[in-house]
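Accompanying notes for the structure given below.
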Amino acid sequence: MKTSDQAVNTHPQLLAITERIRQRSAITRQRYLQGIEDAGKSNQSGRAQLGCTNLAHGYAAAEPADKIWLREQRKPNIAIVSSYNDMLSAHQPLQAFPEWIKQAAREVGATAQFAGGVPAMCDGVTQGRPGMELSLFSRDVIALSTAVALSHNMFDAVLCLGVCDKIVPGLLIGALSFGHLPTIFVPGGPMGSGLPNTEKAKVRQKFAAGEIGKEALLEAEEKSYHSAGTCTFYGTANSNQMLMEVMGLHLPGSAFVSPNTPLREALTREAARRVASITHLGGNHIPLGKVIDEEAIVNGIVGLLSTGGSTNHTLHLVAIARAAGVIIDWDDFDALSNIVPLLARVYPNGYADVNEFHMAGGMAFLIRELLDAGLLHPQVLTAMGRGLHHYTQTPMLHNGQLHWQAVPPDSGNAAVLAPFATPFSQDGGLKVLTGNLGRSVIKVSAVKPEHRFIEAPAVVFDQQEDLIKAYKRGELEHSFVAVVRFQGPRANGMPELHSLTPTLANLQDKGFHVALVTDGRMSGASGKVPSAIHITPEVLAGGPLGKVRDGDIIRLDADAGTLAVLVDEAEWAGREVPVHDLSANTHGSGRELFSSFRHAVTGAEQGAMSFGFAPIHP
């Protein structure tokens, strides 16, 4: 076995795909790098550029000892940007972090200020409700909020405290607009294992079938979501933590350490000490904008594919990359999926939860296996310095002191975390589908092989509630492809349609062949029903999915990467996309405040962004 710091032969396809991205991004990336270089020159230290009135405002409420250092401007000042709230389990542990960070910063002669909070909504709370139509756009609000927090130019480094679905991408996009500053992400960790996710899914299916009532459902949900910390399934929240680690923005091994433990506190304090050591005031400056480059983005995609991560990152990674001047598209995901094996089985891709994944060796084992196989760029710049080998170590406490040690050579549970030599699948967990309905993505890692091909008549719906009503009326007791249209970002903010999963899963369990085709999103926890999602262009933008009529035969072939409606070409060409009344989606639950987002948003493959970066083709 190779050791992680040995030179490896990087896979030639990985190099070729990265070079293609580098060439495509040459102009926009250079523009971004020039921008952060200019910002660095004018903001070192940012406080030095402030007038006396500005500066006095910036530390008027600081502790007396901190005021001295802030006035002198000779020591780093760390910005804390946090998604803390005490309603949501994933974010509640962050309450204690700022004080730990401030104490640790003082130990190394630095200061830290709580620069700003960002909103944090939970898709689990808003699922199937009007508030879900704000979910995707909340990422952009978080990015804007992060930029506002950092705009005071009081800071030499940043600690981003966030966990869940849109929060981490939003924080990173916002921080990249201040890419001259070193930045480390500080997670909160997952809650302890509760009711197994597979059991929770069965209870939800029984409720959807009318076999149990709300009291039994709520009891099961409370056993699943029972304490502080992130949900334990491998959805977008935990995919976020994987990404921050494989892209070099965590302290090594931070992703899945439980909240309210001594190790979690030690890692949080160490993040403050580490980020203070990599500012322009020392000899080891590591700005965020140089950490997130073409190779780091490719490493992120590889991590996503090798773990069967959330489909939401086919949007978020595109947007993150664009924020750093790097242009990627779904063809890059698809090409990498052909060479990256699936090494993790975490629900919904298996029975285990993220705690079991972590105990089996977690991110350190995964990164080491991928490095040794030549499927990650090894010499990237990270928050720990040059080289991804730093992330093949796991943290531990010895006599109260934080240390890192090499991950064991073997997986602690090969049924959850496989070595590269014996993967669960030879290709990655996501596929891109193309055909006469547009371009879409499908998460195949949780779909059994026998369900990856379906050819069946379409049943068309304009909202998810209509599908559920049809099911309850007994109208869906047959094989079919559910087409749920007008769910794209321009139409209604692209809500997740995860509430359809129990209904469709029940029909599949009865032996029917069913699938979902939509221009909307599914949860990162989307499971065993084949779902072609994020169809681009969306129906409201004239996308061909709008031409589908009830009874049209749709063929979905996940293995071949195709999605098509089998209609005579002349008839298809003559059909028009219908007009749909979307007025009900424009008001209530704050939706009226987001009309400008819907009007400005790009397509799903372009990151579904409501703000503009430099043109793709300058």
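The values are calculated or read from the model by the stated rules, or taken from the named source; none is laboratory data. Because the structure is a prediction, the values reported are computed rather than measured. When we count neighbours, we look across all protein chains shown, and the Cβ atoms used for this are built from the backbone with ideal geometry, even at glycine. Protein only, heavy atoms only, side chains kept; ligands, DNA and RNA dropped before computing areas. Shrake-Rupley method; radii C 1.70, N 1.55, O 1.52, S 1.80 Å.
Summed over region 273-305, the residues that are open to solvent by 10 Å² or more (accessible area, probe 1.4 Å) and assigned to a loop (DSSP other than H, G, I, E, B) give a count of 9. The requirement of being at negative phi and modelled with pLDDT under 90 is satisfied by Glu215.
I'd like to know if region 198-206 contains one or more residues that are within 25 Å of Phe97 (Cα to Cα) and either open to solvent by 40 Å² or more (accessible area, probe 1.4 Å) or assigned to a helix (DSSP H, G or I) (or both).
Of all residues in region 198-206, those within 25 Å of Phe97 (Cα to Cα) come to none.
No, region 198-206 has no match at all.
Listed here are the helices (runs of 4 or more DSSP H) enclosed by region 59-127 that have at least 3 residues being over 22 Å from Pro259 (Cα atoms) and open to solvent by less than 70 Å² (accessible area, probe 1.4 Å): 64-72. For Leu540, are the conditions met, namely being touching a Lys or Arg at 6+ places or on another chain (Cβ under 9 Å), farther than 21 Å from Asp123 by Cβ, in a helix (DSSP H, G or I) and not polar (S, T, N, Q)? Here the answer is yes, as Leu540 does meet what is asked. Taking the criterion of being at pLDDT 95 or above and open to solvent by less than 30 Å² (accessible area, probe 1.4 Å), the residues of region 442-458 that qualify are Ile454, Ala456, Ala458. Set side by side, the residues Ser227, Ser177 differ, and just one is open to solvent by 30 Å² or more (accessible area, probe 1.4 Å), of a type outside the set (A, V, I, L, M, F, W, C) and farther than 30 Å from Met154 by Cα, which is Ser227.
The number of residues in region 338-361 being open to solvent by less than 10 Å² (accessible area, probe 1.4 Å), within 9 Å of Leu417 (Cβ to Cβ) and in a loop (DSSP other than H, G, I, E, B) comes to 2. Pairs meeting the criteria (first residue in region 8-32 and among the hydrophobic types (A, V, I, L, M, F, W, C) and in a helix (DSSP H, G or I), second residue modelled with pLDDT under 95 and exposed (fewer than 14 other Cβ atoms within 10 Å of the Cβ), beta carbons under 7 Å, at least 6 apart or on different chains) are Ile27/Pro618.
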